[in-house]
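**Student:** Okay, here's the structure, questions in a sec.
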């Protein structure tokens, strides 16, 4: 056991780490608090109070989490697309000169990240990207810029193995990269075993969708699949939990296809309000863009069905969906394939549920993600 003076020495030499972030997004609360409580690093978040994400909730920080508040200058283009400049981030970097500066994703929407990168290099501050590790969707120039910044960083904290391997193939040094995965808050992990779930034998199949209703969520596919299942006399219900611009159109389509008896709309629900839906569901469906909602389902032991990953259209959390282990994929933009996949997945729900819970415990809890981040940062600091 280390002596008290050895402990004090460790605290004095622990690296100072600044995470340059947009705002305190609610689903990061648990992992940020865990990092702040870990004695191996001195951790501060530098961020704005105004969120560029419309409709996105923030959390209020509590000690020991340290926050340096700055101003976000935001130009909103659409509800999910924006440009941000953080002048205060540059001032804070020059004043504090941390050992390690963590930046978000080589994202061209965060304009101040790039001067921050070069200033950190001049100040001999280690720089790493917390990133999806993607190179697609930005055109030739965007790809070239991202790859330049990835290659010249001291480290990369990648969301998944697919992204890490993608960058390695593009020429980024493997030794600079750490896979950290992603997670929700502690309170979102409500069901710790499949025994806590509602018994499934000899009962109606329950399909669940939780999330915002935008056009690119492709809710039309889920409604059309429900119509196909009803025509086949399958015993099922679909619960849609969420709100958004496409809610009215989705309801109208459901009524037009005479699905009032099998498709139920519940509006937006949060936190503990979601527990009964998660406890009761057999299958979670994400018609497109399987992000953190996939982890939310799996943390409750619910296997996930989503659209095939064509053209890198999914966020990195889709790597948690493993065919015949934690979920399944349906053919691109095919309601019939979605209906078939729902029907064939249901008999295997119990074994899939256990696999979901095991994978979440291994990779996707706040504790697991915290540990991966800190080990990655310590590696970067020592490089």
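Computed from the coordinates by the stated procedures, all read-outs in this text should not be read as laboratory data. Predicted model, so just to flag it, every value in this text is computed and none were measured. Every residue, glycine among them, receives a Cβ derived from its backbone with ideal geometry; neighbour counts consider all protein chains shown.
**Student:** Determine the distance separating the Cα centre of the stretch 140-174 from the Cα centre of the stretch 237-296; give it in Å without decimals.
**Tutor:** 36 Å
**Student:** Could you sort the peptides 30-39, 343-352 by per-residue average Cβ neighbour count (10 Å cutoff), highest mean leading?
**Tutor:** With the highest mean Cβ count within 10 Å placed first, the list reads 30-39, 343-352.
**Student:** Still on this model: Using the C-alpha gyration tensor of the chain, what are the square roots of 5 times its eigenvalues, in whole angstrom, with the largest one first? Walk me through the numbers before you get to the answer.
**Tutor:** Working: eigenvalues 313, 104, 74 Å².
Over the Cα atoms of the chain, the semi-axes work out to 40, 23, 19 Å.
**Student:** Given axes a ≥ b ≥ c from the Cα gyration tensor, I'd like to know whether the stretch 217-288 is rounded (a/c under 1.5), prolate (a/b larger than b/c) or oblate. Walk me through the intermediate numbers first.
**Tutor:** Details: a/c = 1.86, a/b = 1.27, b/c = 1.47.
Oblate shape, in that a/c is at least 1.5 and b/c is the bigger or equal ratio.
**Student:** Separate question: Which order do the peptides 61-74, 167-180, 215-228 take when ranked by the mean count of other beta-carbon atoms within 10 Å per residue, highest first?
**Tutor:** Listed from highest to lowest mean packing, they are 215-228, 167-180, 61-74.
**Student:** Which value results for Rg/Rh of the stretch 116-169 when Rg is the Cα radius of gyration and Rh the Kirkwood radius based on the inverse mean 1/r? Present the calculation step by step, with values, prior to reporting the outcome.
**Tutor:** Values: Rg = 11.5 Å, Rh = 11.7 Å.
A ratio of 0.99.
**Student:** Let me know the volume per residue of the alpha-carbon convex hull for the stretch 54-177, in Å³.
**Tutor:** Cα convex hull per residue, to the nearest whole number: 137 Å³.
**Student:** Work out how far the C-alpha atoms of the stretch 56-110 reach from end to end along every principal axis, then list the three figures in whole Å, largest first.
**Tutor:** 34, 25, 19
**Student:** How would the stretch 283-383 be classified by its alpha-carbon gyration tensor: rounded, prolate or oblate, with rounded meaning a/c under 1.5 and the a/b versus b/c comparison settling the rest?
**Tutor:** Working: a/c = 3.38, a/b = 1.77, b/c = 1.91.
Verdict is oblate for the stretch 283-383.
**Student:** Checking the a/c ratio against 1.5 first, then a/b against b/c, what shape does the Cα gyration tensor give for the stretch 97-246?
**Tutor:** prolate
**Student:** Roughly how tilted is helix 113-122, in degrees to the nearest 10 and between 0 and 90, from the longest Cα axis of the chain?
**Tutor:** 30 degrees
**Student:** Turning to a different aspect of this structure: If you take the alpha carbon radius of gyration of the stretch 187-363 and divide it by 2.2 N^0.38 Å, what ratio comes out, to two decimals? If you can, show how the numbers build up before the last one.
**Tutor:** Details: Rg = 14.7 Å, N = 177, 2.2 N^0.38 = 15.7 Å.
Ratio of Cα Rg to 2.2 N^0.38 Å: 0.94.
**Student:** Related question: Given a cut-off of under 8 Å on Cα pairs at least six residues apart, what relative contact order in percent is computed for the chain?
**Tutor:** 15 percent
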